[in-house]
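S.K.: Pasting a structure below so you can have a look.
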Amino acid sequence: MNDVLKWLTDGAHWRGGEGIPLRLGEHLLYSGLALLVAAVLAVPLGLWVGHTGRGRYLAVNVSGGLRAVPSLGLLFAAIMLLGPRLSGEAGVFIPSELVLVVLAVPPILAGAYAGVEQVDAAARDAARGMGMRGWQVLWQVEVPNAMPLVISGLRSAALQVVATATLAATVGLGGLGRFLIDGLSVRDYAQMAGGAVLVAALALLVDLLGATLQRLVVSPGVTGQTGRSTARTRRGGRLRLALRS
Amino acid sequence: MTWILDHLDDIGYYTLQHAWLAALPLLLGLLLATPLGWAARRYRGLYTPVVAGTGLLYTIPSLALFILMPLILGTQILDPVNVVVAMTIYTVALLTRTVADGLGAVPDSVIASATAMGLGPVRRLFTVELPLAVPVIAAGLRVAAVSNVSIVSVAALIGVPQLGSLFTDGFYRDFLDPIVAGLVACVVLALLFDLVIVVLARLLTPWLRTGGAP
């Protein structure tokens, strides 16, 4: 335990081309880029699937099935298949990023389509009855109502990406995973545990950031007082009914 | 392809190792998550701290958790116990919320009827509430099972043998066959776990098949 603290507080590990800040920057870059690409692909697709109901079967099965594929095996396979076709740094960077994107797409897709799908049919009908067109229904009714699940999909994807970016150090990518993998290979427990503490802290921070984002972008009409009080009234009503009968 | 046929013994051994490293934590996790989930439902004030607290554990990346285990347990880094405990933590993280929500979904009228029939809180929990929560708990268990089977393979990096060893083995020898074999075996194992849970859940909820309302 002391060795780990000593490793973490040693100033020499916080400087230079292999220091903690640089590795953290790399980790954030790999993760952020993959998450951005995955979100740009999967959010519109998920909203479209939820809105039209088309391709739902495919979306459910692809996003469910990909969860069973171990990320480590996918990473190694991608490097071995694509690596030789690319030169130098790109041979590691591009396949790794590709795997990160592939792993981030399913949770985002699932969050987006499930979010739109669970929107109250009555709200959708009311919007149509008010004369809204398809786009307006999607943008003004379905998207705000779907927000909690869209963000929670993005949060799971972010965690998946941060975790897998750590594994990418085994194939020679930078990032905080370097401390874990290098520590393992030279059996330096202080280094690998210090790195593990940093990775865990980063994941917790990312999740906290996601929770804050969720609070900021979700409309109070969806999560706020109104929603809660209806749920309570409904439960109360059911209980009264049960007691009466 | 010939590599796979020549190494069926190894693949079988790794699959068995993988199966118990994923299954044992699933059972232990369910045993721990049930009282936690029950407490979170029974005492309203506990719901948020317990569910949020266990949920946070799931955010810790697997390789980091595996490596931190010896620090907490005092074990050696190569000890499979690290993997079992870490996977149990993940299972508890996923299932506590599921158990709490599953128990919460039992209709109030059913609980009131059970109480009116003279069932005490303990008997009511085991004979009415938990059986009715089985479909929700089984759904959570399926997610946890697939996630466990996938995550266990990371333990190859800390030297615990299971299907993930085929990945590291193939990668360091620049040889694709073991990696493909490992990927296929992992997916098949995950599907098998899924199937077992679906069948068990069906056997435990005979009333759902007769068409009658629960």
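Taken together, the values in this text are just the output of simple stated rules run on the coordinates, not laboratory data. Keep in mind the model is a prediction, meaning the values are calculated, not measured. Here the Cβ is made from the backbone with ideal geometry for all residues, glycine too, and neighbour counts use every protein chain on show.
S.K.: Taking the Cα centroid of region A:92-170 and of region A:174-195, what is the distance between the two, rounded to the nearest whole Å?
M.R.: 34 Å
S.K.: Each residue of region B:183-198 in order: what ³J(HN,Hα) in whole Hz does its phi give by Karplus 6.51 cos²θ - 1.76 cosθ + 1.60, θ = phi - 60°, with x for Gly and Pro?
M.R.: The phi angles translate into 4, 4, 4, 4, 5, 4, 4, 5, 5, 5, 4, 4, 4, 4, 5, 4 Hz.
S.K.: Where the centroid of each part is defined by its Cα atoms, how far is region A:50-87 from region B:104-128 in Å?
M.R.: The distance from the Cα centre of region A:50-87 to that of region B:104-128 comes to 44 Å.
S.K.: Label points 7 Å out from Cα along the Cβ direction at B:F175 and A:W14: separation in nm?
M.R.: Reported label-point gap for B:F175 and A:W14 is 4.7 nm.
S.K.: Counting alpha carbon pairs within less than 8 Å and at least 6 residues apart, what relative contact order, in whole percent, applies to region A:1-142?
M.R.: This gives 30 percent for region A:1-142.
S.K.: Quick one: what are the phi-derived ³J(HN,Hα) couplings along region A:14-30, Karplus 6.51/-1.76/1.60 with θ = phi - 60°, whole Hz, x for glycine and proline?
M.R.: Taking θ as phi minus 60°, the curve returns 9, 10, x, x, 10, x, 4, x, 5, 5, 5, x, 4, 4, 5, 5, 4 Hz for region A:14-30.
S.K.: Arrange the peptides B:122-134, A:72-84 so that the one whose residues have, on average, the most other Cβ atoms within 10 Å appears first.
M.R.: Descending packing order for the listed peptides: A:72-84, B:122-134.
S.K.: With a 10 Å Cβ neighbour count serving as the proxy for reagent exposure, in which order, fewest first, do A:V217, B:V146, B:V84 appear?
M.R.: A:V217, B:V84, B:V146
S.K.: Quick one: A:E97, A:E89, A:E26, fewest Cβ neighbours within 10 Å first, how do they rank?
M.R.: Lowest to highest Cβ neighbour count: A:E89, A:E26, A:E97.
S.K.: Using a Gaussian network for chain B with springs between C-alpha atoms less than 10 Å apart, which of these wobbles most: B:V149, B:V106, B:V199?
M.R.: Ranking B:V149, B:V106, B:V199 by mean-square fluctuation puts B:V199 first.
S.K.: Residues of B:70-78, mean number of Cβ from any other protein chain within 10 Å of their own Cβ, rounded to a whole number?
M.R.: Per residue, the number of nearby Cβ atoms from other chains is 2 on average.
S.K.: Need one value for B:150-160: mean number of C-beta atoms belonging to other chains within 10 Å of its residues' C-beta atoms.
M.R.: 4
S.K.: Right, another one. Whole-Hz Karplus ³J(HN,Hα) for region A:53-58, in order, using 6.51 cos²θ - 1.76 cosθ + 1.60 and θ = phi - 60°, x for Gly and Pro?
M.R.: Residue by residue, region A:53-58 yields x, 7, x, 4, 4, 5 Hz.
S.K.: Still on this structure: What list do you get for A:W135, B:W38 if you sort them by fewest beta carbons within 10 Å?
M.R.: A:W135, B:W38
S.K.: Output the relative contact order of region B:1-135, whole-number percent, from Cα pairs under 8 angstrom with separation of 6+ residues.
M.R.: Worked out over region B:1-135, it gives 30 percent.
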